[in-house]
Amino acid sequence: MTTADAHRTIETVWKIEAPRLIAGLARVLRDVGQAEDLAQEALVIALERWPIDGVPDNPGAWLMTTARRRAIDQLRHNKMRDDKQAAIDYELQPDAMTHAPDHADALDDDIGDDLLRLIFTACHPVLTRDMQVALTLRMLGGLTTPEIARAFLVPEPTVAQRIVRAKRTLAEKQVPFEVPRGEALAPRLAAVLEVVYLIFNEGYTATTGEDWARPALCEEAMRLGRVLAGLAPREPEVHGLIALMEIQASRLHARTAADGAPILLLDQDRARWDRLLIRRGLASLERAEQLGGANGNYALQAAIAACHVRALHAQDTDWARIASLYARLAAVAPSPIVELNRAVAVSMAEGPEAGLQLVDALQKERALAGYHLLPSVRGDLLFKLGRRDEARAEFERAASLTGNTRESELLRQRADACVDQ
């Protein structure tokens, strides 16, 4: 295996294993920043060793073992330091002597769901919502600072500062590594739902890389959503989020060709959609509505997704209802991205000219300045109106803005099609 091959393998393994690695370390160290540092140290060692020794049979276990050894060394070092301090305390004030517990064995305990604990720790009320989401996406979603910045449509330094402040605040406040219960659960649930939602989105359409989707992230987000439903069974937005994720995930296998190339929604083979996930998603949506959450953020998005899966053929899609649902969503969770999606629905229901007017009104939105889907949607509408030269320029601009290789290729193909026809 070449060094380049080893590094690609390490990158793939890291994206899959890093969240569990950090969560397992954070449980014992009680410091998410320290846990992330130790996980990164294990990654550096892998980058040095694997190109020489070869990739181990179980890369995730190798990383965990390496990080665990570093953690044990650190715990023992801290215990020695604490013992020295305790001896001094004993000399000065015997009653003040305390005995530090030995945590090394705890790294191998059966500890339940570390990932869920990590999410709730990172979503503690001592952090602002922006800090909560950025930190959790970094540690559980495996997103880099630039990827998070693109997801939030904010500058990279802003995201970096949020992550640093979040880790420092958690350490300073000595936030416990636990899942809250009872009355303490509700105040943190909204932030946790948002994080799970964003992790799913990154899995559904990867911000960067050579794969259009990262199904493992979608599966992890859905699993966490189901755990949350057990914790808060009467919270409608939990069920709304599960509905949204399961309905969207039902299309995953149909979204790419055999060579990994993206297949857009209207071109997908609907026979490949997962009917079990669709049934489960629709049942969760019904549950959310029964609990009074029909106008919740996630329930509305799930209702939009349901319109697509209920249509046997693309031409059967109820675009007027989708446009109406987006209007309701814009009232609940106003966002230029929601308005962009509404413009697409309006174009399908009323024609490309109607959609283009809405899209053009969004061009001055600063939050969408570097958002590749704005020129992508505009290019599609211009193409349908026969304005091929303008459409080509928009598709090329969109291709230059996305960090995903597959998506960039698709957009460049669409740009070329403007010339061919």
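Within region 284-306, the set of residues being of a type in the set (S, T, N, Q) and more than 24 Å from the chain's Cα centre (by Cα) comprises just one member, 290.
Which one is surrounded by the fewest Cβ atoms within 10 Å (Cβ to Cβ) among residues in region 27-73 that are under 15 Å from residue 139 (Cβ atoms) and free of Cβ contacts under 8 Å to residues at least 12 places away in the same chain? Among those that are under 15 Å from residue 139 (Cβ atoms) and free of Cβ contacts under 8 Å to residues at least 12 places away in the same chain, it is 40. When the residues of region 26-59 are filtered to those that are of a type in the set (Asp, Glu) and farther than 28 Å from residue 163 by Cβ, the one that is nearest to the chain's Cα centre (by Cα) is 57. Considering each of 214, 272, 223, 279 in turn, give the residue that is under 17 Å from the mean Cα position of the chain (by Cα) and free of Cβ contacts under 8 Å to residues at least 24 places away in the same chain. Testing whether each residue is under 17 Å from the mean Cα position of the chain (by Cα) and free of Cβ contacts under 8 Å to residues at least 24 places away in the same chain leaves just 223. Applying the set (1) closer than 30 Å to residue 194 by Cβ; (2) surrounded by 13 or more Cβ atoms within 10 Å (Cβ to Cβ); (3) of a type outside the set (Lys, Arg); (4) modelled with pLDDT under 80 to residue 120 leaves exactly one unmet item: (4). Among the residues of region 213-272, those identified as surrounded by 14 or more Cβ atoms within 10 Å (Cβ to Cβ), under 25 Å from residue 315 (Cα atoms) and of a type in the set (A, V, I, L, M) are 243, 244, 245, 247, 249, 252, 254, 263. Of the residues making up region 365-378, just one is hydroxyl-bearing (Ser, Thr, Tyr) and in a loop (DSSP other than H, G, I, E, B), namely 371. The set of residues in region 315-351 being crowded, with 19+ Cβ neighbours inside 10 Å and at pLDDT below 95 is empty. Is it true that some residue in region 235-257 is of a type in the set (Lys, Arg) and over 18 Å from residue 140 (Cα atoms)? The answer is yes; a qualifying residue exists.
Might you let me know whether region 312-319 holds any residue that is closer than 26 Å to residue 272 by Cβ and either of a type in the set (Ser, Thr, Tyr) or assigned to a strand (DSSP E or B) (or both)? Yes. Here residue 299 passes the criteria (1) among the small types (Gly, Ala, Ser); (2) surrounded by 16 or more Cβ atoms within 10 Å (Cβ to Cβ); (3) assigned to a loop (DSSP other than H, G, I, E, B) except the one numbered (3).
What do you reckon, is residue 381 touching a helix residue (DSSP H, G or I) at 6+ places or on another chain (Cβ under 7 Å) and either surrounded by fewer than 21 Cβ atoms within 10 Å (Cβ to Cβ) or part of a helix (DSSP H, G or I) (or both)? Answer is yes for this residue.
For region 202-245, the set of residues classified as farther than 16 Å from residue 115 by Cβ, at pLDDT below 90 and part of a helix (DSSP H, G or I) consists of 215 only.
The values are calculated or read from the model by the stated rules, or taken from the named source; none is laboratory data. Values in this document were obtained by computation on a predicted structure and should not be read as measured data. When we count neighbours, we look across all protein chains shown, and the Cβ atoms used for this are built from the backbone with ideal geometry, even at glycine.
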